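The values are calculated or read from the model by the stated rules, or taken from the named source; none is laboratory data. Because the structure is predicted, anything quoted here is derived from the model rather than measured. All Cβ positions, even for glycine, are placed from backbone atoms using ideal geometry, and neighbour counts span all protein chains on display. All accessible areas refer to the heavy atoms of the entire protein, side chains included, with ligands and DNA or RNA removed. Shrake-Rupley method; radii C 1.70, N 1.55, O 1.52, S 1.80 Å.
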Amino acid sequence: MTLRGRSPRRGDSLSKLGLVRDGAVLACDGKILAAGHRKQVERLPAAKRAEKFDVGGRVILPGFVDSHTHLIHAASRAEEYELKIQGASYEEIARKGGGILNSVKKLRAATREALKGRAAAALSEFAAHGTTTLEAKSGYGLDVASELKILRLHRELNEEQPLEIVSTFLGAHVVPAEFRGKPDGAERYLALLIEKLLPEIVIGDLAEYCDVFCDRGAFTLAQSKQLLTKAKEHGLAPRLHAEQLSRTGATQLAVELEAASCDHLEHVNDADIRGLARSDTVATLLPGCDFHLGLKGYAPARKLIEAGAIVGLATDYNPGTSPTMSMPMVLSLACTQLQLTPAEATTAATINAAYSLGRDKAVGSLEPGKQADLAVWDVEDYREIPYYFGMNLCWMTMKRGEIIWMKD
Ligand code: NIG
Ligand code: FE
């Protein structure tokens, strides 16, 4: 599956997969020279000198691009998982000091080494499930030192392991405990983000994007606009957690600010859908959250596609709402719960996700000049990737022409 052609993909073009039967990929110095019919590729002069690797009739896809993760955190929240099963809601747990604040407490107490070790193990799991590029958000530090610690770890991990990590600053995840219950607590925290953290991030070149959790119990629309506008002035492109628990108008804000991505979208209305459809903001859907939280109100994916929005898919890997590194599982959920076809889901998880990270010229499809980032699947038909669920059929993952994971 080459996914060759224009990006981003809307409507019917989500289903144009560029399938090649008996195909081959020719790569040199980490980049693709050709991807197409094996006989044609083999005829190229560079192919004569190439080392051949036979994948035995398996299916090759571009590596998955996971455009929404909260990679760095200290621990799971399995105890809250159990409370939720017994009937407590995500927001009730958060109001009692659990939720994101629970993860913040744990992260602040964790050493750099422990955080790095946990993230490195997670990155290996991402690679084992066919992901070759991922976005990572800060947001469990929520003070100057801890947020910078997370963003610096993004950079170190980017340099020390094969997956590419795109760094996002999510200082506005929630208002930290030390600012709560005081007059203007949220405003004072935002001032800290704007005056102290943003300049440090820019000087250190520590993030490309700025995200805000705009929702009930997190930040208001006005606060989100204030921070994202400042971040944009500093050169950080906006992303948003929008309409997850309630409708706040965050989607319209994302469109107005020309955000790279607007994520979650469970509670969008028709006007929000029209706004996204007319924009270049990617509507990133995260069905792992509703699945893990046991909620039934999945985002209106079909309406978004039919209206013409650029739909993307991501894991939202995080300890509170979506503890998974598996894009194949997200594809399974997208097919059965969002009614995407396997073709649409695959496009959303590769080229459209790459577009949301400003990397659609480098990754997300198998085309000459792009990075040789791909995954080989132990299936006969690409539709079997979401069809089989809760298991890993990835056989091999390659990043920039190097094998980074292989099934034993
Ligand atoms: O994307 N919604 C906000 N952030 C995360 C959840 C974070 C957490 O619960 O730790 C999300 O769902
Ligand atoms: Fe998230």
Check your understanding: Mean Kyte-Doolittle of at least 0.0 and a Cα length of 20 Å or more along the axis: which whole DSSP H helices of the chain meet both?
Key -> 112-128
Exercise for review: Once you've got the Cα coordinates, tell me which of K116/K182; K31/K52; K52/K370; K137/K296; K196/K232; K16/K303 are over 23 Å apart.
Suggested key: K116/K182; K137/K296
Practice item. Run the dipole for segment 73-220 about the Cα centre, Lys and Arg Cβ at +1, Asp and Glu Cβ at -1, nothing else charged, and hand back the magnitude in debye, nearest 20. Key: 540
Practice item. Taking the dipole about the Cα centre of segment 194-342, with the C-beta of Lys and Arg at +1 and of Asp and Glu at -1, give me whichever of A222, V311, S246 is farthest to the positive side. Key: S246
Practice item. Under a 10 Å cutoff between Cα atoms, tell me which one of A334, A120, A354 has the largest fluctuation in the Gaussian network model of the chain. Key: A120
Check your understanding: How much accessible surface does E200 have with a 1.4 Å probe, in Å² rounded to 10?
Key -> 80
Review point. Quick one: putting +1 on the C-beta of Lys and Arg, -1 on the C-beta of Asp and Glu, what dipole do you get for the chain around its Cα centre, in Debye to the nearest 20?
Key: 440
Check your understanding: Hull surface divided by four, with the convex hull built on the Cα atoms of segment 11-121: how many nm²?
Key -> 12.8
Practice item. If a/c stays under 1.5 just call it rounded; otherwise compare a/b with b/c (prolate if a/b is bigger, oblate if not). Do that for segment 282-326, with a ≥ b ≥ c from the square roots of the Cα gyration tensor eigenvalues. Key: oblate
Review point. What does the highest-first list of 258-266, 9-17, 345-353 look like by mean Cβ count within 10 Å?
Key: 345-353, 258-266, 9-17
Point to revise | Computed helical MRE - 222 nm, the chain, DSSP H runs ≥ 4 contributing -39500 (n - 2.57), nearest 500 | key: -10500 deg cm²/dmol
Check your understanding: Looking only at V379, V363, V212, which one moves most when the chain is put into a Gaussian network model with springs between Cα atoms under 10 Å?
Key -> V379
Study note, to complete from the structure: Rounded to the nearest 10 Å², the accessible area of E367 using a 1.4 Å probe with every protein chain kept is 40
